[in-house]
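K.L.:
Quick one: the structure is below, and I'll ask about it shortly.
The values are calculated or read from the model by the stated rules, or taken from the named source; none is laboratory data. These numbers were taken from a predicted model, which means no experiment stands behind them. Here the Cβ is made from the backbone with ideal geometry for all residues, glycine too, and neighbour counts use every protein chain on show. When the accessible area is computed, the model is the full protein with side chains, heavy atoms only, and any ligands, DNA or RNA have been set aside. Shrake-Rupley method; radii C 1.70, N 1.55, O 1.52, S 1.80 Å.
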Protein chains: 2
Amino acid sequence: MVDTEALGEYEIIRIIRKHLTLMPDMPVPFGDDVSAVQLLGDGMVVLKTDMLVAATDIPKGMSLYHAARKAIVMNISDFASKGVMPTAAVVALGLPKTLANRKAIAEIAEGLNAGAREYGAYIIGGDTNETSDLIISVSLFGTAHHTVTLRSGAKAGDIAAVTGLFGKTSAGLRLLQGNCNASPKDRELLADAVLCPNARLREGLALRDLISSSMDSSDGLAWSLHELARASKVGFLIDRLPVAPEVHEFAQTNGLDNVDLVFYGGEEYELVLTVKPEKWTEAEAAVKAVGGCLIPIGKATYDREIFLEMNGLKRVIEPRGWEHFKSPA
Amino acid sequence: MVDTEALGEYEIIRIIRKHLTLMPDMPVPFGDDVSAVQLLGDGMVVLKTDMLVAATDIPKGMSLYHAARKAIVMNISDFASKGVMPTAAVVALGLPKTLANRKAIAEIAEGLNAGAREYGAYIIGGDTNETSDLIISVSLFGTAHHTVTLRSGAKAGDIAAVTGLFGKTSAGLRLLQGNCNASPKDRELLADAVLCPNARLREGLALRDLISSSMDSSDGLAWSLHELARASKVGFLIDRLPVAPEVHEFAQTNGLDNVDLVFYGGEEYELVLTVKPEKWTEAEAAVKAVGGCLIPIGKATYDREIFLEMNGLKRVIEPRGWEHFKSPA
């Protein structure tokens with residue numbers, strides 16, 4: 001229970017509910033002790049919880065609306081990587097006293113609702129608490145009537161691929177922090193990658209049954225490759241740098257290394273996956289059919305290390321992850 | 001990702017996993033992007049999320065083990081009130097740097113596991129973050145192949161009942177804070193009510209289909225009665241004070257009001273419910289059969305106010321909730 005002079009817990013919940021799209025035919029009404037969703041037939045319940053903490057996850061320049069939306073999107077992204085359609089989310093909010101006001105709560109609720117609805121899910125319940133820092137702890141739920149794509153299925157020889165180009169959030173974050181330069185058009189595009197990230201749900205659903213392993217890239221491309229390698233007991237030889245053209249330009253303008261921006265960024269929600277060579281054409285077409293793209297970047301190897309080899313130069317990709325918004329430079 | 005000199009996120013997850021009982025036949029292994037549970041047949045997925053925040057939810061004298069256990073129990077209690085068996089939980093942890101050490105994390109993991117296993121559930125996944133204050137955000141999941149008991153089903157004339165006596169946590173909290181006196185035996189019993197609360201899951205499951213409305217009493221008995229009254233559009237006339245004998249004694253010794261301790265406490269996990277008079281004998285027997293007790297305390301009324309009437313004296317029960325550990329006196 002939020003114990004605040006500004007607004008009581010029940011008033012906070014009332015404001016939140018007003019901004020949410022209610023799921024049709026809820027078996028338990030919003031505001032009862034639990035939330036529920038009707039199920040049909042056998043299958044698997046899939047769950048994910050991921051907590052957004054303002055101090056480490058909300059960069060300068062991000063509104064409460066976009067922070068709340070991102071808290072949902074980062075959970076949706078994990079579902080995307082497993083090829084599972086999300087159904088509903090419950091949200092535990094930790095609100096500092098300074099945010100226990102009508103405007104802030106409405107903005108958070110709208111961001112949560114927007115994030116969920118963009119991907120076909122609903123917010124069906126939650127909990128409100130008083131905390132020193134803003135915390136949005138989302139638990140997402142869905143059902144699967146098929147096998148989910150694990151991290152552990154890659155075999156040597158499989159094609160490594162990604163669903164988009166990398167480096168935009170690394171660059172965008174530097175721009176938001178005022179450390180770097182870019183043209184107004186690039187500035188907007190790169191900042192937008194940080195402030196309004198998108199999960200690759202359509203791609204993940206289209207690729208279901210066509211790929212051998214998958215995860216998202218929320219901790220950076222290098223980290224994802226190392227995780228897939230660890231779980232699948234393989235290595236990777238990367239021979240194509242999936243760098244966005246704006247990032248290439250940004251790196252040159254600001255004297256930064258392309259490779260660092262692409263591999264050691266984070267808060268990017270592309271899928272990193274492997275495909276058997278004989279499934280490649282089908283996988284590529286399936287992603288194209290939903291308006292996405294599948295970019296081959298190399299292949300899985302018996303040798304359990306991870307290298308980038310380009311223009312005859314070979315360098316080790318380190319198991320470094322996302323270093324949060326504290327030390328992005 | 002926990003960014004700490006003390007222990008890395010992956011080491012933290014490894015320690016946690018070591019202390020958890022693994023659910024048999026998990027369709028997705030622990031540590032992949034999502035967690036999953038196999039389902040059989042139609043039904044309803046039931047979800048609950050509740051966040052434990054150290055500053056407001058962990059009283060003086062409570063170990064990390066008991067704090068983590070409580071974070072689970074408070075979610076189980078909501079399932080108990082709806083008559084739903086919990087299956088599994090995912091846990092988002094917010095750890096301050098001071099707790100990112102082996103001993104603290106093991107204690108938290110053991111507490112989470114103990115809380116879940118006591119009620120037949122498993123911890124199947126989670127997320128770790130760095131926060132300024134310890135935060136344990138639990139999302140509990142279960143399936144129901146029956147209707148769940150809502151807050152809104154009470155009708156005037158229904159018997160109001162509780163699954164145990166009240167006031168122990170109010171008294172125990174005052175003892176833990178060193179403000180009050182009690183005999184060593186009572187001291188232990190009352191402190192234990194705060195440190196090691198139990199959810200009334202057996203009672204809740206036994207009462208399924210026999211009661212007209214139900215919720216737990218985590219925000220205090222007065223608050224629960226007001227919530228049931230609001231949702232069901234009834235009032236309550238309470239004519240029996242469900243006070244624990246130790247609390248009666250404690251109130252006398254310390255010059256406190258019995259009624260305050262019973263109604264305006266909190267962090268108590270009894271069920272507060274209503275039963276149609278014609279179902280009373282069956283409901284009472286069902287609870288007895290699982291080793292519990294069902295205590296009638298009054299009845300639901302057309303008049304939408306909530307009164308306590310004892311010894312010819314009538315007083316209003318206010319819609320005051322649990323005031324946290326900040327201002328218990």
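K.L.:
Rounded, prolate or oblate: which fits chain A, taking a ≥ b ≥ c as square roots of the Cα gyration tensor eigenvalues, rounded meaning a/c under 1.5, else prolate when a/b beats b/c?
P.N.:
Oblate, since a/c reaches 1.5 and b/c is not below a/b.
K.L.:
Let me ask something additional. Helix-only mean residue ellipticity at 222 nm, the protein assembly as shown, DSSP H runs n ≥ 4 weighted -39,500 (n - 2.57), per residue, nearest 500. What is it?
P.N.:
-10500 deg cm²/dmol
K.L.:
With a sphere of radius 10 Å drawn around the Cβ of A:I135, what net charge do the other residues whose Cβ falls strictly inside it have (Lys, Arg +1; Asp, Glu -1)?
P.N.:
Combined, the nearby Lys, Arg, Asp and Glu give -3.
K.L.:
Could you look at segment B:204-329 and say what percent of its accessible area is carbon and sulfur, using a 1.4 Å probe and all protein chains?
P.N.:
Using a 1.4 Å probe with all protein chains present, segment B:204-329 comes out at 51 percent carbon and sulfur.
K.L.:
How much solvent-accessible surface does B:D32 expose, in Å² to the nearest 10, with a 1.4 Å probe and all protein chains in place?
P.N.:
20 Å²
K.L.:
Moving on. Within segment B:219-241, what residues put their amide N at less than 14 Å from the label point 7 Å along the Cα-to-Cβ vector of B:E305?
P.N.:
The answer is B:235-238, whose backbone nitrogens lie closer than 14 Å to the label point.
K.L.:
Here is a further query. Local charge sum around B:L39 (other residues, Cβ-Cβ under 14 Å, Lys/Arg +1, Asp/Glu -1)?
P.N.:
Cβ neighbours under 14 Å give a net charge of -3.
K.L.:
A follow-up question, please. In vacuum, with every alpha carbon of the protein assembly as shown counted as one equal point scatterer, what does the Debye formula give for log10 I(q)/I(0) at q = 0.06 Å⁻¹? Two decimals, please.
P.N.:
Per q value, in the given order, log10 I(q)/I(0) is -0.35.
K.L.:
Ranked by accessible surface with a 1.4 Å probe, highest first, in what order do A:C180, B:C293 come?
P.N.:
B:C293, A:C180
K.L.:
Here is a further query. Hey, what did segment A:185-329 get for relative contact order, percent, Cα under 8 Å, at least 6 apart?
P.N.:
Over segment A:185-329, the number comes to 37 percent.
K.L.:
Can you give me the span-like helices of chain B, meaning DSSP H runs with 18 Å or more of Cα extent along the axis and Kyte-Doolittle mean at or above 0.5?
P.N.:
The qualifying helices: there are none.
K.L.:
Distance check, please: which entries in B:K155/B:K299; A:K155/A:K314; B:K279/B:K299; A:K155/A:K233; B:K233/B:K299; A:K48/B:K82 exceed 18 angstrom between their Cα atoms?
P.N.:
In this structure, A:K155/A:K314; A:K48/B:K82 lie more than 18 Å apart at Cα.
K.L.:
Taking the Cβ of B:G157 as the center, what net charge do the other residues with Cβ under 10 Å away carry, scoring Lys and Arg +1 and Asp and Glu -1?
P.N.:
Net local charge, B:G157 excluded: +2.
K.L.:
Residues of segment B:159-316: accessible area per residue at 1.4 Å, in Å²?
P.N.:
43 Å²
K.L.:
I've got another one for you. Work the Kirkwood hydrodynamic radius out for segment A:159-316: mean of 1/r over every pair of different alpha-carbon atoms, inverted, in Å.
P.N.:
15.9 Å
K.L.:
Another question about this same structure. Does segment B:94-234 come out rounded, prolate or oblate by the C-alpha gyration tensor, with a ≥ b ≥ c the root eigenvalues, rounded set by a/c under 1.5 and, if not, prolate when a/b is larger than b/c and oblate if not?
P.N.:
Note, shape of segment B:94-234 comes out oblate.
K.L.:
So, one more: Summing both sides, how much accessible area is buried between A and B? Use a 1.4 Å probe and give Å² to the nearest 100.
P.N.:
Using a 1.4 Å probe, the pair buries roughly 5100 Å².
K.L.:
Stretch B:E188-B:K18 to full length: gain in nm at 0.36 nm per residue minus the Cα-Cα span?
P.N.:
Residue separation times 0.36 nm, minus the Cα-Cα distance, leaves 58.0 nm.
K.L.:
Still on this structure, please answer the following. Running a GNM on chain A with Cα contacts under 10 Å, which residue among A:Q177, A:Q38, A:Q252 ends up with the highest mean-square fluctuation?
P.N.:
A:Q38
K.L.:
Related question: To the nearest 10 Å², what's A:E11's accessible area with a 1.4 Å probe?
P.N.:
50 Å²
K.L.:
Provide the per-residue ³J(HN,Hα) series for segment A:262-268, in order, calculated from phi with Karplus coefficients 6.51, -1.76, 1.60 and θ = phi - 60°, each as a whole number of Hz, with x at glycine and proline positions.
P.N.:
Coupling constants for segment A:262-268: 6, 8, 10, x, x, 6, 9 Hz.
K.L.:
Something else: Just by accessible area at a 1.4 angstrom probe, what is the order of B:D192, A:D216, B:D50 from largest to smallest?
P.N.:
B:D192, B:D50, A:D216
K.L.:
Compare A:E107, A:E318 by solvent-accessible area with a 1.4 Å probe and give them largest first, with all protein chains kept in place.
P.N.:
A:E318, A:E107
K.L.:
Let me ask another. Can you give the accessible area of A:H146, probe radius 1.4 Å, in Å² rounded to 10?
P.N.:
Answer for A:H146: close to 40 Å² accessible.
K.L.:
Quick one: which residues, 5+ away or cross-chain, put their amide H under 5 Å from the amide H of A:I297? H built at 1.01 Å from N.
P.N.:
A:A160, A:A161, A:V162
K.L.:
Run the numbers on segment A:136-217 and let me know its relative contact order in percent, using alpha-carbon pairs under 8 Å that are six or more apart.
P.N.:
Once normalised by length, the contact order is 45 percent.
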